Amino acid sequence: MIRIRDNKQLPLFDPWAYLGPKRRAMLDASWAGLFKEHCLPNLPVEKLAACFSQTQGRPSKE
């Protein structure tokens, strides 16, 4: 299913709430934090949407 989400809107619930502050800071300082802040908002979702079905999701890989 295609759902284009606004990445600038903050999530209602923090998916990393179970992490302590030290581990959360380590995660944000790693490549994952960099990817979340700089790469993820710039992905061409509209161009990739043509590869996905509205009801079935992406096609299986043979």
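The values are calculated or read from the model by the stated rules, or taken from the named source; none is laboratory data. Because the structure is a prediction, the values reported are computed rather than measured. FYI the Cβ positions are ideal-geometry reconstructions off the backbone, even for glycines, and counts take in every protein chain you see. Ligands, DNA and RNA are stripped out before the accessible areas are found, and what is left, the full protein with its side chains, is counted by its heavy atoms. Shrake-Rupley method; radii C 1.70, N 1.55, O 1.52, S 1.80 Å.
Specify the residue that is most open to solvent (accessible area, probe 1.4 Å); the eligible residues are those in segment 32-60 that are in contact (Cβ under 8 Å) with a residue 24 or more places away in the chain and part of a helix (DSSP H, G or I).
Glu46
Of the conditions (1) of a type outside the set (Phe, Trp, Tyr); (2) part of a loop (DSSP other than H, G, I, E, B); (3) modelled with pLDDT of 90 or more, Met26 fails just one. Which one is it?
The failed condition is (2).
Among (1) within 16 Å of the chain's Cα centre (by Cα); (2) at pLDDT below 80; (3) of a type outside the set (Lys, Arg), there is one condition Gly57 misses while meeting the rest; what is its number?
Result: Gly57 fails condition (1) only.
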